[in-house]
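Engineer: First, the structure itself, so that you have it in front of you.
The values are calculated or read from the model by the stated rules, or taken from the named source; none is laboratory data. A quick note: this is a predicted structure, and the numbers were derived from the prediction, not measured. Heads up, the Cβs are rebuilt from the backbone with ideal geometry, glycines too, and the neighbour counts pull from every protein chain shown. Accessible surface areas use protein heavy atoms only, side chains included; no ligands, DNA or RNA. Shrake-Rupley method; radii C 1.70, N 1.55, O 1.52, S 1.80 Å.
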Amino acid sequence: MTETQPAADTAAATAPATRRALLEARDLRVEFPSRGRRARAVDGVNLAVGEGEIVALVGESGCGKTTLARTLLGLERPTSGEVRYDGAVLDHGSKALKAYRREVQLVLQDPTGSLNPRHTVYEAVAEGPRIHGLAGEREIVAEALARAGLRPPERFFLRYPHELSGGQRQRVVIAGALALNPKVLIADEPVASLDASVRGEILALMLKLRQDLGLSALVVTHDLGLAWNIADRVAVMYLGRIVESGPVEQVLTAPRHPYTQALMSVLPESPERVVLTGEPPDPTRIPGGCRFHARCQVLASGRAAEAGVDARCRSELLDVLPATPEAHVACHWARAVEPAPEGAGA
Amino acid sequence: MSLLELDDVSITYRIASGDVPAVRGVSLSLDAGAALGVAGESGSGKSTLAMALLRLLPRDARVGGRILLDGEDVLAMKWGRLRAVRWAEASIVFQGAQHGLNPVRRIGEQIAEPLLVHDLAKPDGARKRVAELLEQVGLPAWRARSYPHELSGGQRQRVMIAMALACSPRLIVADEPTTALDVMVQAQVLALIKDLVAERGISLIMISHDLSVLADVCDRLAVMYAGRVVEHGPSHEVFRDARHPYSSALAAAFPTVGDPVSRMAPKGLGGDPPDPMALPTGCSFHPRCPVALDECSSLDVELWPAGERRAAACVHVRAKEETP
Ligand SMILES: Nc1ncnc2c1ncn2[C@@H]1O[C@H](COP(=O)(O)OP(=O)(O)OP(=O)(O)O)[C@@H](O)[C@H]1O
Ligand SMILES: Nc1ncnc2c1ncn2[C@@H]1O[C@H](COP(=O)(O)OP(=O)(O)OP(=O)(O)O)[C@@H](O)[C@H]1O
Ligand code: SF4
Ligand SMILES: [Mg+2]
Ligand SMILES: [Mg+2]
């Protein structure tokens, strides 16, 4: 078992509040037409990824994680709101986008699907540098492969995807992203399709890249263990909106939003499970009041009524949480039962 | 008596470039009403073993050893008997099968099909039974009229379980029933499977690469590596205190949230999964093993006793048991 420990202390020591926001979503909304209605896939999101910071975006299937990630990459245009990179609003013009893609790279879930079976490892990694007309292609490819843990790189140049293991394929995909020397990686379920034993290696690689290159990352996942393994901060998304965010230690050891609490409770070995029932939420019919209220166990069990907020749960909209690094929660009940009035600053 | 008994089962695929020894001498048993979890690396032979239980392997697969279902050898059964067993006694939820539902037929028709084919019900009775089955898996009866694309991944997986339950089998084999489902839906499906085992006395074999999921549902666990069982024992003991280094690596791959040891410290296993056509000598795990000794590259490992109803195929286990 290889352990990647050194990154731990430096990471934990960096107070999240001191990081400058590199990639930002500001009041972002993304809608799609869907069977004659509007699907509000991303419905008001503030989110910031700081320099050298790893942020995990978690939430159930269909909550809008991929749509948010694609919009941050400029692959989807926001219906309203803006994406900012390094302080400037993202320009969707083709030239500006091309330059932007050198800085912010995507790593997809399924390495088999994102590699062309007829391209060698060398060709796969060289594609980006060629598009951008970079000099010294061979060195770039070799360095990217080595950084991704495929060493010695020359041994992998002429291999085809089917000659690699799943973990090696995901490393090739990561090498392809690294070849352009990006500042930010956006990884959509980077280990979901990998074997359990390989998963830790890829996550350790992401920590190492942050340590060696100062790389920032937004990791999209529905796996809370992954967030615990590598992220500084976590943002929990429900039905198009972030309902809780903050430092991982805080949010994942003392979750405040009933939805985060439910997600944590179904982890294996947790003592009492709150298995949410009901159909998966539909972004064409976002409920009024708190968007979670129809499935909320705190409201259903009467605890919200005890705190005197049940009527608000059903009718009063919650504000869009700010992107600042401290802990935030969008829940009437959590705000009511907590001694410090967190809602004030939001 | 055990419901299912595997005795030295070996399965080899014959392909153009040679033999693929996918399963190499597996012995396991399952008591009636019990749940056994099978974990292991991708390619370690889990699905191959599952399919062999009902002789569902392709023709080019050679099977050795004995597979006893209720004392009767599945490998020796006549075709007619085998067919009867397949629908009345045991059924499999195949890996990824929820993607294989027929897209142009309603869910209800697909669930009713085996009942009608085997003459277990008339159309009217079948309709009632479908409603019953849907309810058992937590779907409203009106879902019978839905098409697969109208269901979410978790709902489709429930439909697969309803189909497996249709003929009231005594044994269900579920191959990766929750892989690719998100955490909440996974929890829903697992709760359903647990109920079936606990309340209806159905025996279960569940396959997954996630030890924590198996430990949650099953009484006992078997961990496979390169076609062999390398460890078996009571679930929680194997999960919390694995005796084979490969099982430890699998258990560590999914951290406990809140555990300071795993914070910012993902654990993985170096090296590549083994190629069944070019297996390492000695213990097949030795090239990736963090605690390998010199002798591991030549030693014939076998499942040595590793405590009460436990065994593991590792030299360190043998050493421990031998020194009193
Ligand atoms: N191009 C599109 N047209 C219409 N609806 C869309 C489109 N893309 C996404 N959606 C809808 O938007 C919602 C959010 O989808 P998205 O893929 O972002 O979810 P996700 O959180 O990434 O889910 P998963 O975990 O399953 O990948 C879903 O309800 C989806 O059906
Ligand atoms: N039809 C086949 N012909 C030849 N080889 C096969 C065939 N099916 C499986 N194999 C090989 O047999 C071995 C075991 O495969 P099997 O599908 O049983 O693994 P598994 O443990 O279920 O893996 P996973 O976790 O990926 O589902 C693998 O090396 C695989 O490549
Ligand atoms: S606002 Fe009310 S309904 Fe929403 S999560 Fe909080 S307690 Fe539940
Ligand atoms: Mg997605
Ligand atoms: Mg399989």
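Engineer: Yes or no: A:M237 more than 11 Å from chain B (Cβ to nearest Cβ) and not in a loop (DSSP other than H, G, I, E, B)?
Structural biologist: Against the criterion (more than 11 Å from chain B (Cβ to nearest Cβ) and not in a loop (DSSP other than H, G, I, E, B)), A:M237 qualifies.
Engineer: For the subset of the stretch A:107-121 comprising residues that are open to solvent by 40 Å² or more (accessible area, probe 1.4 Å) and at pLDDT 90 or above, which member is nearest to A:P153 (Cα to Cα)? Steps first, please.
Structural biologist: Residues of the stretch A:107-121 open to solvent by 40 Å² or more (accessible area, probe 1.4 Å): A:108-110, A:112-114, A:116-119.
Keeping just the survivors that are at pLDDT 90 or above gives A:116-119.
On the way: A:N116: 19, A:P117: 19, A:R118: 19, A:H119: 16 Å.
The qualifying residue nearest to A:P153 (Cα to Cα) is A:H119.
Engineer: Right, next: Considering each of B:V85, B:V63 in turn, give the residue that is away from ligand 1 (no atom under 16 Å from the Cβ), open to solvent by 40 Å² or more (accessible area, probe 1.4 Å) and either in a strand (DSSP E or B) or touching a helix residue (DSSP H, G or I) at 6+ places or on another chain (Cβ under 9 Å) (or both).
Structural biologist: B:V63 is the lone residue from the list that is away from ligand 1 (no atom under 16 Å from the Cβ), open to solvent by 40 Å² or more (accessible area, probe 1.4 Å) and either in a strand (DSSP E or B) or touching a helix residue (DSSP H, G or I) at 6+ places or on another chain (Cβ under 9 Å) (or both).
Engineer: Show me the helices (runs of 4 or more DSSP H) found entirely inside the stretch A:255-315 where at least 1 residues are more than 14 Å from chain B (Cβ to nearest Cβ), hydrophobic (A, V, I, L, M, F, W, C) and more than 16 Å from ligand 4 (Cβ to nearest atom).
Structural biologist: Once the helices (runs of 4 or more DSSP H) in the stretch A:255-315 are filtered for at least 1 residues that are more than 14 Å from chain B (Cβ to nearest Cβ), hydrophobic (A, V, I, L, M, F, W, C) and more than 16 Å from ligand 4 (Cβ to nearest atom), what remains is A:297-300, A:303-306, A:310-315.
Engineer: Please give the number of the condition B:S248 fails out of (1) more than 8 Å from chain A (Cβ to nearest Cβ); (2) closer than 22 Å to B:A222 by Cα.
Structural biologist: The failed condition is (1).
Engineer: With the requirement that a residue be within 16 Å of ligand 4 (Cβ to nearest atom) and among the β-branched types (V, I, T), what does the stretch A:56-97 give you? Step through it out loud before you land on a result.
Structural biologist: Of the stretch A:56-97, the ones within 16 Å of ligand 4 (Cβ to nearest atom) are A:56-73, A:75-76.
Matches in the stretch A:56-97: A:V58, A:T66, A:T67, A:T71.
Engineer: Right, another one. Of the residues in the stretch B:199-214, how many are at negative phi and either modelled with pLDDT under 85 or not β-branched (V, I, T) (or both)? Before you say what the answer is, go through the steps one by one.
Structural biologist: As a first pass, look at the stretch B:199-214 and keep what is at negative phi: B:199-200, B:202-214.
Restricting the remaining residues to those that are either modelled with pLDDT under 85 or not β-branched (V, I, T) (or both) gives B:199-200, B:203-204, B:206, B:208-212, B:214.
Of the residues in the stretch B:199-214, 11 are at negative phi and either modelled with pLDDT under 85 or not β-branched (V, I, T) (or both).
Engineer: Which residues, counting only those in the stretch B:83-109, are among the polar types (S, T, N, Q) and within 16 Å of ligand 5 (Cβ to nearest atom)?
Structural biologist: B:Q95, B:Q98 - these are the residues of the stretch B:83-109 that are among the polar types (S, T, N, Q) and within 16 Å of ligand 5 (Cβ to nearest atom).
Engineer: Go through (1) open to solvent by 10 Å² or more (accessible area, probe 1.4 Å); (2) in contact (Cβ under 8 Å) with a residue 60 or more places away in the chain; (3) not in a loop (DSSP other than H, G, I, E, B) and name the single condition A:G62 misses.
Structural biologist: Among (1) open to solvent by 10 Å² or more (accessible area, probe 1.4 Å); (2) in contact (Cβ under 8 Å) with a residue 60 or more places away in the chain; (3) not in a loop (DSSP other than H, G, I, E, B), the lone unmet condition for A:G62 is (3).
Engineer: Right, something else. Taking A:L263, is it within 25 Å of B:A253 (Cα to Cα), at pLDDT below 95 and within 16 Å of ligand 3 (Cβ to nearest atom)?
Structural biologist: yes
Engineer: Could you check the stretch B:152-198 and list, in sequence order, the residues that are on the phi > 0 side of the Ramachandran plot and more than 18 Å from the chain's Cα centre (by Cα)?
Structural biologist: Result: B:S168, single match.
Engineer: Something else about it: So is A:L47 closer than 19 Å to A:I230 by Cβ, open to solvent by 20 Å² or more (accessible area, probe 1.4 Å), more than 16 Å from ligand 2 (Cβ to nearest atom) and touching an Asp or Glu at 6+ places or on another chain (Cβ under 9 Å) or not? Step through it out loud before you land on a result.
Structural biologist: On the way: closer than 19 Å to A:I230 by Cβ: yes; open to solvent by 20 Å² or more (accessible area, probe 1.4 Å): no; more than 16 Å from ligand 2 (Cβ to nearest atom): yes; touching an Asp or Glu at 6+ places or on another chain (Cβ under 9 Å): yes.
The answer is no for A:L47.
Engineer: Moving to a separate point now. On the basis of being touching a residue at least 60 places away in the same chain (Cβ under 8 Å) and small (G, A, S), does B:A39 make the cut?
Structural biologist: Spelling it out, B:A39 is indeed touching a residue at least 60 places away in the same chain (Cβ under 8 Å) and small (G, A, S).
Engineer: State all residues of the stretch A:218-232 that are at pLDDT below 90 and among the acidic types (D, E); if no residue qualifies, say none.
Structural biologist: Scanning the stretch A:218-232 gives a single hit, A:D223.
Engineer: Pick out the one residue from A:R314, A:R303, A:R273 that is at pLDDT below 95, more than 16 Å from ligand 2 (Cβ to nearest atom) and more than 24 Å from the chain's Cα centre (by Cα).
Structural biologist: Answer to the check: A:R273.
Engineer: From the list B:L171, B:L116, B:L120, pick out the single residue that is in contact (Cβ under 8 Å) with a residue 40 or more places away in the chain and out of contact with any strand residue (DSSP E or B) (no Cβ under 8 Å at 6 or more places or on another chain).
Structural biologist: B:L120
Engineer: Also, quick follow-up: Regarding B:G80, is this residue without any contact (Cβ under 8 Å) to a residue 40 or more places away in the chain, more than 14 Å from chain A (Cβ to nearest Cβ), more than 16 Å from ligand 5 (Cβ to nearest atom) and exposed (fewer than 12 other Cβ atoms within 10 Å of the Cβ)?
Structural biologist: Yes, satisfied.
Engineer: Kindly provide the set of residues from the stretch A:146-185 that are within 21 Å of the chain's Cα centre (by Cα) and within 11 Å of chain B (Cβ to nearest Cβ), ordered by number.
Structural biologist: Answer for the stretch A:146-185, where residues must be within 21 Å of the chain's Cα centre (by Cα) and within 11 Å of chain B (Cβ to nearest Cβ): just A:G167.
Engineer: On to the next question. Out of curiosity, is A:D232 acidic (D, E) and open to solvent by 40 Å² or more (accessible area, probe 1.4 Å)?
Structural biologist: So A:D232 does not fit the description; no.
Engineer: Let me ask something additional. Quick check on my filter: what residues within the stretch A:216-229 are more than 7 Å from chain B (Cβ to nearest Cβ) and open to solvent by less than 10 Å² (accessible area, probe 1.4 Å)?
Structural biologist: Correct list: A:S216, A:A217, A:L218, A:V219, A:V220, A:T221, A:L226, A:A227.
Engineer: Going through the stretch B:66-77 one residue at a time, which ones are more than 15 Å from B:L171 (Cα to Cα) and either within 16 Å of ligand 2 (Cβ to nearest atom) or surrounded by 15 or more Cβ atoms within 10 Å (Cβ to Cβ) (or both)?
Structural biologist: B:R66, B:M77
Engineer: Looking at (1) more than 7 Å from chain A (Cβ to nearest Cβ); (2) in contact with a Lys or Arg (Cβ under 7 Å, 6 or more places away or on another chain); (3) over 18 Å from B:A34 (Cβ atoms), find the lone condition where B:V217 falls short.
Structural biologist: B:V217 satisfies all of (1) more than 7 Å from chain A (Cβ to nearest Cβ); (2) in contact with a Lys or Arg (Cβ under 7 Å, 6 or more places away or on another chain); (3) over 18 Å from B:A34 (Cβ atoms) except (3).
Engineer: Within the stretch B:261-298, track down each residue that is among the aliphatic types (A, V, I, L, M) and open to solvent by less than 20 Å² (accessible area, probe 1.4 Å).
Structural biologist: Residues of the stretch B:261-298 that are among the aliphatic types (A, V, I, L, M), as a first pass: B:261, B:264-265, B:269, B:277-279, B:291-293.
Matches in the stretch B:261-298: B:M264, B:A265, B:L269.
Engineer: Given the conditions (1) away from every other protein chain (no Cβ under 14 Å); (2) touching a strand residue (DSSP E or B) at 6+ places or on another chain (Cβ under 8 Å), which single one is not true for A:V125?
Structural biologist: (2)
Engineer: Has the stretch A:205-219 got at least one residue that is touching a helix residue (DSSP H, G or I) at 6+ places or on another chain (Cβ under 9 Å), small (G, A, S) and not in a strand (DSSP E or B)?
Structural biologist: No - not one qualifying residue is present in the stretch A:205-219.
Engineer: While we're here: Run down A:D188, A:D212 and say which single residue is more than 9 Å from chain B (Cβ to nearest Cβ) and under 15 Å from the mean Cα position of the chain (by Cα).
Structural biologist: Answer to the check: A:D188.
Engineer: Suppose we keep only residues that are more than 15 Å from the chain's Cα centre (by Cα) and closer than 15 Å to B:S284 by Cβ within the stretch B:23-48. Which one would you say is most open to solvent (accessible area, probe 1.4 Å)?
Structural biologist: Step by step, filter the stretch B:23-48, then rank; the result is B:R24.
Engineer: I'd like the residue in the stretch B:117-142 that is open to solvent by less than 20 Å² (accessible area, probe 1.4 Å) and assigned to a helix (DSSP H, G or I) and, out of all such residues, is farthest from the other protein chains (Cβ to nearest Cβ).
Structural biologist: B:A126
Engineer: Oh, and also: So A:V83 ticks every box in (1) within 16 Å of ligand 1 (Cβ to nearest atom); (2) open to solvent by less than 70 Å² (accessible area, probe 1.4 Å); (3) within 14 Å of another protein chain (Cβ to nearest Cβ) but one. Which box is left unticked?
Structural biologist: (3)
Engineer: Starting from the stretch A:72-84, keep only residues that are within 20 Å of A:A21 (Cα to Cα), then list their pairs with residues that are polar (S, T, N, Q) whose Cβ atoms are within a distance under 6 Å, requiring at least 6 positions of separation or different chains.
Structural biologist: Going by the 6 Å Cβ cut-off, the qualifying pairs are A:P78/A:T71.
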